[in-house]
Amino acid sequence: MRRICAILVLLCLLAPAPISLAVTPAITESYAALVRQIDTGQVVVAHVNESDHHISVVLKDGRKEFISFPAAQHKTLVDSLLHHGVKPIFTTHKKTPKPVHHVLRYVAAGVVVVLLLIGGGVWVYTRGQRQPPAGESGDGQQPDGADPPDAPADTM
């Protein structure tokens, strides 16, 4: 049993590892190497991310390279790509939309909880009050006006 639990814990710990490792591609080349490849005409496709200052290029031999470039060299890099016949594709990271908060759902849930609490309070309050049986009247005296059998008699 311990072995199964240990395996399950290990799997739970290792499950998110591929996701975290695949978040961003590693930088594979230097900026100087990229400039040499552009000058020699090896670059076929270039995806330029202006906000992060990264460029992803596909070379003639099919390799894909991911390079970080200095922000000051952005215009020079784009001009060099255009001069060598490579039209850069400008990309941005997709921004994930904010989760929609359903305020009305929360308000409705709050109203339901309050109504349940009020209903529970009324039920508890009325549960303690008991109705007298049908044979007895509510004032505690018998219909013929006589005293109840357990009442003390007036003997003075």
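Is any residue of the stretch 32-59 close enough, with backbone N under 17 Å, to a label point placed 7 angstrom from the Cα of residue 75 along the Cα-Cβ axis, and if so, which? Counting only backbone N, you get 50-51.
Placing a label point 7 Å from the Cα of residue 47 along the Cα-to-Cβ line, the residues of the stretch 55-73 whose backbone N sits under 15 Å from it are 55-59, 63-68. In sequence order, the stretch 62-75 has phi-based couplings of x, 5, 10, 10, 10, 10, 9, 10, x, 4, 5, 8, 4, 5 Hz under the Karplus curve 6.51 cos²θ - 1.76 cosθ + 1.60, θ = phi - 60°, and Gly or Pro positions carry x. State whether the stretch 55-94 is rounded, prolate or oblate according to the following rule on the C-alpha gyration tensor (a ≥ b ≥ c being the square roots of its eigenvalues): a/c under 1.5 gives rounded; otherwise a/b larger than b/c gives prolate, and the remaining case gives oblate. Oblate, since a/c reaches 1.5 and b/c is not below a/b.
Close amide H pairs (under 5 Å, H built 1.01 Å from N) link residue 45 with 58, residues at least 5 positions away or on another chain. The phi torsions of the stretch 97-103, fed into the Karplus equation with coefficients 6.51, -1.76 and 1.60 and a -60° offset, translate into couplings of x, 5, x, 7, 8, 8, 5 Hz, rounded to whole numbers, with Gly and Pro shown as x.
Every number in this text was worked out from the coordinates using simple rules, so none of it is lab data. Only a predicted model underlies this, so the values are computations on that prediction, with no experimental measurement involved. Backbone-built Cβ (ideal geometry, glycine too); neighbour counts: all protein chains shown.
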